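Peer 1: Got a structure for you, questions after.
The values are calculated or read from the model by the stated rules, or taken from the named source; none is laboratory data. Since we're looking at a predicted model, the values are computed, not measured. Note: ideal-geometry Cβ built from the backbone for every residue, glycine included; neighbour counts use all protein chains shown. The area values use the complete protein model at the heavy-atom level, side chains included, leaving out ligands, DNA and RNA. Shrake-Rupley method; radii C 1.70, N 1.55, O 1.52, S 1.80 Å.
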Amino acid sequence: MERTKLTYDELLNEVDELRYQLEEANDAIDAIRTGQVDALVIQGEEGHQLYTLKTADQTYRMFIEKMNEGAVTINESGLILYANSRFAGMVNIPLEKVIGFPFETFIPAEQQNKYNQLIKSAWKEECKEEIELLSFQHENVSCLLSCNTLELDEGLALSLILTDLTIQKDAERQLKVRNTQLAEAQAATERLNDELEETVKIRTADLLISREHFKLLANNMPQMTWTNLPDGTPNFYNQRWEEYAGFNLLDNNDRRKILIHPDDFELTTEKFNASIQSGEVFEVENRYRRADGTYRWHLNRALPFKDDAGNILFWMGTATDIEEQKRAMEKKDEFIGIASHELKTPITSLKGYLQLISHKKETLPDVVKQYIDKAIISLNKLQRLIDDLLDVSKIQAGRLEYAMHLVDITELVRQCTENARHVYPNYNFENTAETGLVVIGNEERLEQVVMNLINNAVKYSPDDNNVLISAVKRDEQVRVSVTDNGIGLSPEQKERIFERFYRVEDKKYMSSGLGMGLYISKEIINHHLGKIGVDSALGKGSSFYFELPLA
């Protein structure tokens, strides 16, 4: 009957028959997988052939089914007689479609020769080889293929065990990549090390050259120079030191200590140790003993050299002979003292005569009175100048002494504020002193300091007439400050503002005076065991202050 003439019922019957055959085939495959049958029939070219396992039993087949490796049995023609689920999963094909297929179907074309040689050898002896399986819809699977002959009733068969090497191959690939990266890193490290060694050689040579240049420069300087390690340990003295002291300072640590005059040793050591701890510039005047036994004054100054991170690398210092300047200054101080004393008497007399004239009963013309008042004002300025000169000469001679007693700072600031308002009527003075502030000191000298700070604020505030005077308690200290809104100070000016005869020079503003007021104030506060300083910025005013211990 032709297929086109089948009735609907006949087609249904044929479909049912096919469904039955399929179910029967699935049951047979399942029976084989679970070990329920010991033999199977395969349709070949010469008809049906029966295959049985001599050692077949259910336990063995269950073990084969559950193992992680793929298991396949093929006949001499290469047809798959049996395969477990793991093999089907490896090639990504349903198990029922695997059995009966030629095994070489799952071998890539480029590995067919390798596979054929392996199978040919496997029929003779046990062997194994790495090979790839075609995995449909996925990448090929690398496997270790182990071959053993298997004796069936109908003849020999070949048992193939396939161990998945995917994870191992991935690990090998990653290891290879890591090894390549490691080799590259090692090569880069060796290259960098070579470059570093070359750089070190060059830098070492440069350093040696720089060191020799430094020694040449230092040994030909007129000053005595030295360098210290960050902890203060000296590691270089130039030839000027040896010429001056008469011995090598690095080799004679004990003799080095006696170079400093006994009266200057404590101050020098204290300031040097403070600079080493703080990292600030070291500066001090002291006397060094020369080889002939005489002492000469020197100005010592050392600067720290730092790296980019702010760490001190070393210190470099110089000692400049200032003996001649000291002697010249002593002569100047002597002259100032004598001249001040000689000027004080005639000025006092002149001031007295002018006051007598202004108080005569006879009426004087207004213009004469005006001249007398101006003359008295000028004499007062000259009197203050002479008093400052006398104070300076006393300070230099160490004779600035005065009695110490309890002083009410609150009252002193109030009186100074009132005096300032009288002397400078065009300025506004604000007093914010706290009450109950008492120190031990000399009232006249402390008043002199406060008035000096007020005069200084007025002098350098030509465009702003507001001055703030305050006194507060801070950590068992009394802090008195005078703040203005004047021209302010640069960092360099702040460092020198308390030096003797130093005056602030401003292109837009010139002030009178000899630059002694702040110097005298500093010496007075030092004598009171206090501290004096200034907070200022150029163009933003200044705040001069001093601190004294509370009584």
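Peer 1: Based on alpha-carbon positions alone, could you give the equivalent ellipsoid semi-axes of the stretch 418-551 from the gyration tensor, as √(5λ), descending, whole Å?
Peer 2: So the equivalent ellipsoid measures 23, 17, 14 Å along its semi-axes.
Peer 1: At 1.4 Å probe size, with no ligands or nucleic acids counted, give the accessible surface of F305 in Å², nearest ten.
Peer 2: Approximately 90 Å² for this residue.
Peer 1: Same structure, new question: Measuring with a 1.4 Å probe in the full set of protein chains, what accessible area per residue, in whole Å², belongs to the stretch 425-551?
Peer 2: 50
Peer 1: List the chymotrypsin sites (Phe, Trp or Tyr not before Pro) within the stretch 82-151 that fall in a DSSP loop (any state other than H, G, I, E or B) and whose Cβ has at most 13 other Cβ atoms within 10 Å.
Peer 2: Taking the stretch 82-151 and a limit of 13 other Cβ atoms within 10 Å, the loop chymotrypsin sites (Phe, Trp or Tyr not before Pro) found are W123, F136.
Peer 1: Give K494/K540; K271/K473; K332/K374; K66/K169 a once-over and call out the pairs whose C-alpha atoms are over 22 Å from each other. Let's see the in-between values first.
Peer 2: Numbers: K494/K540 13 Å; K271/K473 28 Å; K332/K374 31 Å; K66/K169 24 Å.
Among K494/K540; K271/K473; K332/K374; K66/K169, the Cα-Cα distance tops 22 Å for K271/K473; K332/K374; K66/K169.
Peer 1: Arrange the residues H213, H422, H261 by how much accessible surface each exposes, largest first, with a 1.4 angstrom probe.
Peer 2: Per-residue accessible area, sorted high to low, gives H422, H213, H261.
Peer 1: Continuing with the same structure: Could you sort R289, R240, R173, R479 by their accessible area in this structure, using a 1.4 Å probe and putting the largest first? Don't skip to the answer; put the middle values down first.
Peer 2: Values: R289 95, R240 65, R173 135, R479 35 Å².
Most to least solvent-accessible, the answer reads R173, R289, R240, R479.
Peer 1: Find how many whole Å separate the alpha carbon centroid of the stretch 251-292 from the alpha carbon centroid of the stretch 434-492.
Peer 2: 34
Peer 1: Right, here's the next one. When the accessible area of the stretch 395-465 is computed with all protein chains present and a 1.4 Å probe, what percentage of it is carbon and sulfur? Numbers along the way, then the final one.
Peer 2: Details: 1660 of 3790 Å².
On the stretch 395-465, the fraction of accessible area on carbon and sulfur atoms equals 44 percent.
Peer 1: Also: Among V177, T166, S146, whose Cα lies farthest out toward the positive end of the dipole of the stretch 144-199, if unit charges sit on the beta carbon of Lys, Arg (+1) and Asp, Glu (-1)?
Peer 2: In the stretch 144-199, that residue is T166.
Peer 1: Please report the accessible area of W241 (heavy atoms, 1.4 Å probe, ligands and nucleic acids excluded) in Å², nearest 10.
Peer 2: Roll a 1.4 Å probe over it and W241 shows about 10 Å².
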